[in-house]
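Engineer: Take a look at the following structure, please.
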Amino acid sequence: MHKGKGMKFVGDSRISADTKPNVPKDYSEYPGRTEAFWPNFLLKEWLVGSVFLVGFLCLTIAHPSPLEGMADPTNAGYIPLPDWYFLFLYELLKYDFASGPYILFGILVIPGLAFGGLLLAPFLDKGPGRRPHQRPVAVGMMLLGVASVIWLTYESSAHVDWEARAEANKPVQPTNVEIDKDSAGYKVFKSNCMTCHGEDLQGGAAAPSLIGIDHSKEEVMKIAQEGTGDMPPGVFKGTDEELNDLAEFIVSVNEEAK
């Protein structure tokens, strides 16, 4: 017996001493049933993801999300709405079986069962087939979930005038307008309008900003006397001269802001 002949030296008994080529398996004998993860399957995943990503980016460019102003905790009339991808849960809470005394069902039980069912679908349906008709449980639960989300989202968004809401709650752009607080018009504004419209005409919870409006002097005088929107008539209490000073002051501030 020659020295070393027939002996194999390995550092770990779990490692095979026979070398094997590091190449993917041959899947030709299983056509259409399986494929190599790299690069075949992963390349398909990347292509599908890229298509959805480009489509989503195009949608955001064509229809940008309407932004609202900063949150105002003093505005009791503001109706908050969740982001669009949570609208289906918001709509769910409008039904009798998921609101009022059953609110816990709407916020915990029903969403928990729905998402829990989707998580358990692969474990409930362990069929070897990959076609939809071979996985009835998983495919059925997924289709039911997608249809429910689409329907509830549509029902929630169909009753909201998004453009009017965005216009009413649009962010107030900062201005560098210097307000002459010693003018006669500002003194009239202070005694009649400052409570609702703010010290610097920036608006507040009860009234909009007076900076950035496009009204003539006569229109401002008419609004001050007759009111508009949520502003009732008779708010202004003063003489005709004071009304004229107030209107000239508001118009001059907006001309300076342009």
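The values are calculated or read from the model by the stated rules, or taken from the named source; none is laboratory data. Treat the numbers as computed from the prediction; the structure is a model and nothing was measured. Neighbour counts run over all protein chains shown; Cβ positions are idealised from the backbone, glycine included.
Engineer: Which members of the range 145-157 meet the condition of being modelled with pLDDT under 90 and more than 17 Å from Asp83 (Cβ to Cβ)?
Structural biologist: Within the range 145-157, just Gly145 meets the criteria.
Engineer: Let me ask something additional. I'm trying to understand the selection: among the residues of the range 92-142, which are part of a helix (DSSP H, G or I), closer than 25 Å to Leu81 by Cβ and among the aromatic types (Phe, Trp, Tyr)?
Structural biologist: The answer is Phe97, Tyr102, Phe105, Phe115.
Engineer: Oh, and also: Taking only pairs six or more apart or across chains, which ones have beta-carbon atoms under 6 Å, a first residue in the range 55-81 that is surrounded by 10 or more Cβ atoms within 10 Å (Cβ to Cβ), and a second residue that is modelled with pLDDT of 70 or more and of a type outside the set (A, V, I, L, M)?
Structural biologist: Pro66/Trp162
Engineer: Return yes when Leu87 is closer than 30 Å to Gly204 by Cα and modelled with pLDDT of 85 or more and no when it is not.
Structural biologist: Yes.
Engineer: Could you count how many residues in the range 208-258 are in contact with an Asp or Glu (Cβ under 8 Å, 6 or more places away or on another chain) and farther than 20 Å from Ser183 by Cα?
Structural biologist: Residues in the range 208-258 being in contact with an Asp or Glu (Cβ under 8 Å, 6 or more places away or on another chain) and farther than 20 Å from Ser183 by Cα: 1 in total.
Engineer: Considering the range 141-160 alone, what residues qualify as being within 24 Å of Tyr78 (Cβ to Cβ) and surrounded by fewer than 12 Cβ atoms within 10 Å (Cβ to Cβ)?
Structural biologist: If the condition is that a residue be within 24 Å of Tyr78 (Cβ to Cβ) and surrounded by fewer than 12 Cβ atoms within 10 Å (Cβ to Cβ), then Ala158, His159 are the ones that fit.
Engineer: Among the residues in the range 239-246, are any in contact (Cβ under 8 Å) with a residue 40 or more places away in the chain and more than 16 Å from Lys187 (Cβ to Cβ)?
Structural biologist: No: zero hits.
Engineer: I'd like to check something: does the range 188-206 contain any residue that is touching a strand residue (DSSP E or B) at 6+ places or on another chain (Cβ under 8 Å) and either over 26 Å from Arg165 (Cβ atoms) or aliphatic (A, V, I, L, M) (or both)?
Structural biologist: So far as the range 188-206 goes, no, none of its residues is touching a strand residue (DSSP E or B) at 6+ places or on another chain (Cβ under 8 Å) and either over 26 Å from Arg165 (Cβ atoms) or aliphatic (A, V, I, L, M) (or both).
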